[in-house]
Amino acid sequence: MKILGTGSRISHSEYGKGVVTNVTSTLYWVTFIEAGLETISLEADFDVIEAVEGEVDTISFSDVEQSLVSILRKWSDTSSVTPIADKWKNGNLVLQPGDANLSNKEIPIDTFFHKIVMVRDRIRVMEQKINASKNLEDQEKIDLQQYITRIYGSLTTFNVLFSNKTDHFVGDKSK
């Protein structure tokens, strides 16, 4: 299948005559004389009145955006948005000292949750860097991985804050 370039003229059975004004990986954007701007599939049934040759960039903005998101997820020290469980949204965390003469400290639970997620994400990055290290022996990697597993285990208390179980901290599963 040959892809038409921008400026090609076509005739479509439903929309009539038009000019290709943009090309993406799956669609032609065509300005039709009577129907206005429409998008049609590259495989749509239409007649070519005049094909314009030339280099066509068939990568859409969406394709570029998805690629960028994928790259950022792979190389960033943050992950995708992690939702807080609905019951905690807009709530407060209250720290009450044992001394009645001292005042409580209130923190928006969303702020606290964000800090927990940042800790989790940074531990994951540290884990990836340890596993990818060429300077550490295999036994050293195993030893460090055991510490990371214990850190995750210490943080399982906070799993109640997460909306999705897939976001939970998981410690040593053998116990």
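The values are calculated or read from the model by the stated rules, or taken from the named source; none is laboratory data. Nothing here was measured: the structure is a model prediction, and the numbers come from that model. Ideal geometry is used to build each Cβ from the backbone, glycine not excepted, and the neighbour counts take in all protein chains shown.
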Taking only pairs six or more apart or across chains, which ones have beta-carbon atoms under 7 Å, a first residue in region 24-40 that is in the same structural domain as Glu14 (by TED's automatic domain parsing), and a second residue that is part of a loop (DSSP other than H, G, I, E, B) and surrounded by fewer than 14 Cβ atoms within 10 Å (Cβ to Cβ)? Thr24/Thr58; Ser25/Thr58; Ser25/Ile59
Would you confirm whether any residue within region 152-169 is loosely packed, with under 13 Cβ neighbours inside 10 Å, in contact (Cβ under 8 Å) with a residue 24 or more places away in the chain and assigned to a loop (DSSP other than H, G, I, E, B)? yes
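Residues are listed down the side, and each one gets a yes or a no for (1) farther than 19 Å from Phe112 by Cβ; (2) of a type in the set (A, V, I, L, M):
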{"site": "Arg122", "(1), (2)": "no, no"}
{"site": "Val125", "(1), (2)": "yes, yes"}
{"site": "Ile130", "(1), (2)": "yes, yes"}
{"site": "Ser133", "(1), (2)": "yes, no"}
{"site": "Glu137", "(1), (2)": "yes, no"}
{"site": "Ile142", "(1), (2)": "yes, yes"}
{"site": "Ser154", "(1), (2)": "no, no"}
{"site": "Asn159", "(1), (2)": "no, no"}
{"site": "Asn164", "(1), (2)": "no, no"}
Region 110-165, residues that are small (Gly, Ala, Ser) and in contact with a helix residue (DSSP H, G or I) (Cβ under 8 Å, 6 or more places away or on another chain): Ser133, Ser163
Per the filter on region 77-133, residues among the hydroxyl-bearing types (Ser, Thr, Tyr) and over 21 Å from Asn164 (Cβ atoms) are Ser103, Ser133
Residues of region 7-23 that turn out to be out of contact with any His (no Cβ under 8 Å at 6 or more places or on another chain) and either more than 30 Å from Ser67 (Cα to Cα) or in contact (Cβ under 8 Å) with a residue 40 or more places away in the chain (or both), as a count: 11
